[in-house]
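Any read-out appearing in this document is the output of simple, stated calculations on the displayed coordinates, not a laboratory observation. Since this is a predicted model, take the numbers as computed values, not measurements. Here the Cβ positions follow ideal geometry from the backbone for every residue, glycine too, while neighbour counts run over all protein chains shown.
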């Protein structure tokens, strides 16, 4: 009987490894493994975590590798479990446009919220879908969507038109993105209106 359980576990973990991802929500695991009983899923996940086959990130969220070895941006995007992209202060700080380090990795999605995973803090600002799904200035980095500096600044100006930046930016690029996404324009901020 134990050999059968080991074979089932090995097949399930191999299936996860074939997904080319390392972070999974319990609901996804239930679908992929064909487990409909919530108690069976809970016990299975507890057993796999105890055996070291999976690492529990938090309730209902698991990883194939230890949390410390993961990219915090990927963890945040997967933890939000909806379409989102990294933007605003996080991107602007990364590119040296803002000098103050943000207290949380900041995303935008259809829902606002805060989340702490391990030592990492994440924030999601709510952005209406008419703006959120506009792909102008959003690029793919690995499994995560990330705003370009111009898109990040356009997003931040949408939330706070009086925001301050510490380094010159491509205001023409920001204006172009604001128009493409349908954001209100902020001509008083442009170097050349």
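The table below lists the values:
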item: Calculated FRET value between residue 31 and residue 190, using beta carbons and R₀ = 45 Å, to 0.05; result: 0.40
item: Residue among 15, 80, 132 with the largest mean-square fluctuation in a Gaussian network model of the chain, springs linking Cα atoms under 10 Å; result: 15
item: Computed lengthening from residue 119 to residue 160, 0.36 nm per intervening residue step minus Cα-Cα distance; result: 12.0 nm
item: C-alpha long axis of helix 2-18 to longest principal axis of the chain, angle in °; result: 20 degrees
item: Nearest 10 degrees, 0 to 90: helix 38-51 Cα axis against the chain principal axis; result: 90 degrees
item: The chain: most fluctuating residue of 27, 69, 124 per GNM, C-alpha cutoff 10 Å; result: 69
item: Helix 149-159 vs. the chain, principal-axis angle (Cα, 0 to 90°, nearest 10); result: 80 degrees
item: Sorted peptide list for 135-143, 174-182, criterion being average Cβ within 10 angstrom, highest first; result: 174-182, 135-143
item: Listed residues 77, 154, 112, most fluctuating in the chain (Gaussian network, C-alpha, under 10 Å); result: 112
